[in-house]
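Heads up: the structure comes next, in structure tokens.
The values are calculated or read from the model by the stated rules, or taken from the named source; none is laboratory data. All values derive from a computational prediction rather than experimental measurement. All Cβ positions, even for glycine, are placed from backbone atoms using ideal geometry, and neighbour counts span all protein chains on display. Side chains are part of the model used for accessible areas, which takes the heavy atoms of the whole protein and leaves out ligands, DNA and RNA. Shrake-Rupley method; radii C 1.70, N 1.55, O 1.52, S 1.80 Å.
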Amino acid sequence: MSVEPEAERLRRDDVRASRRLLREGSKSFYAASLLLPRRVRDDAGAVYAWCRVADHAVDRTDDPAEALERVRTGLERVYVGRPENAVERAFAEAAFRNRISRDIPEAMLEGFQWDADGRTYETMEDLVDYCVRVGSTVGAMMTVVMGRRAPDTVAAACRLGAAMQLTNISRDVGEDARAGRLYVPRERLKDLDVESWLADPSPSPQIRDAVRSLLDDADALYDASWAGIQALPSRCRPSIRAAELVY
């Protein structure tokens, strides 16, 4: 059965809205996505847009718990086939076409719950648990969109997603601290009075050393993800490699 013209127009409008969010939210990812085949590019943009909207809804509010509940309600609409806006519709189409398990975005929302709770991280293992939820989930969804489900390939994508999240954390230490948030594991800040530093964040040798150590961990994960990139479809590899290199 052919798609009705009005339905097709709405679908293309939804795709364009998602692509616009990608372009506005991450110029580097947007540029890298241009190397993807059209269908993959559209679905990847839909996944990114949903993740970005959900993240911003929880991160940029005075009531993250209420915002997170709204995001959960929206995810329910996506998976029962009743999306209400362009981002939900585009994500729903991508999720059902690529059979993205609901468990994956649900895991991301668990990480957002940790943010809403103001959780801090004592050890690197604790921080990796967070990165798996908010970073590896993106890698897993993107890999499925690219048509790969082999456990080793998905695991490599999860390592890449975690690496990118560690990079984000390293970049945003000062900004997060000024907002009263700390993601750097406290075990790596043993010589720093963390509470005093959070009250008046400023550059310090302890913070610099901790950030360097996080970036070293990220580099190890980037290196470990390479084999997974090689397992992606040949037309997708240049885009993901480009995203990795510019990050």
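Computed quantities for the displayed model
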{"item": "Failed criterion for R89 (all others in (1) open to solvent by 50 Å² or more (accessible area, probe 1.4 Å); (2) farther than 19 Å from V58 by Cβ; (3) modelled with pLDDT of 95 or more; (4) assigned to a helix (DSSP H, G or I) hold)", "result": "(3)"}
{"item": "Filter result (touching a residue at least 40 places away in the same chain (Cβ under 8 Å) and in a loop (DSSP other than H, G, I, E, B)) within region 181-236", "result": "R181, L182, Y183, V184, P185, A231, L232, P233, R235, C236"}
{"item": "Residues of region 72-93 classified as over 19 Å from the mean Cα position of the chain (by Cα) and aromatic (F, W, Y), total", "result": "1"}
{"item": "Residues located in region 167-189, provided they are closer than 17 Å to C51 by Cβ and open to solvent by less than 40 Å² (accessible area, probe 1.4 Å)", "result": "T167, I169"}
{"item": "Region 141-155: number of residues that are part of a helix (DSSP H, G or I) and surrounded by fewer than 24 Cβ atoms within 10 Å (Cβ to Cβ)", "result": "6"}
{"item": "Top-ranked residue in region 147-201 [being polar (S, T, N, Q) and under 20 Å from the mean Cα position of the chain (by Cα); ranked as farthest from T120 (Cα to Cα)]", "result": "T153"}
{"item": "Matching residues, region 25-43, being at pLDDT below 80, assigned to a helix (DSSP H, G or I) and farther than 17 Å from P238 by Cβ", "result": "G25, K27"}
{"item": "Verdict on A46 being farther than 30 Å from R237 by Cβ and under 17 Å from the mean Cα position of the chain (by Cα)", "result": "no"}
{"item": "Residue selected from region 108-127 under the condition in a loop (DSSP other than H, G, I, E, B) and of a type in the set (S, T, N, Q), by the criterion most open to solvent (accessible area, probe 1.4 Å)", "result": "T120"}
{"item": "Some residue of region 94-107 being open to solvent by 10 Å² or more (accessible area, probe 1.4 Å), in contact (Cβ under 8 Å) with a residue 12 or more places away in the chain, more than 13 Å from the chain's Cα centre (by Cα) and within 25 Å of D62 (Cβ to Cβ)", "result": "no"}
{"item": "Subset of region 51-65 (residues that are surrounded by 13 or more Cβ atoms within 10 Å (Cβ to Cβ) and of a type in the set (D, E))", "result": "D55, D59"}
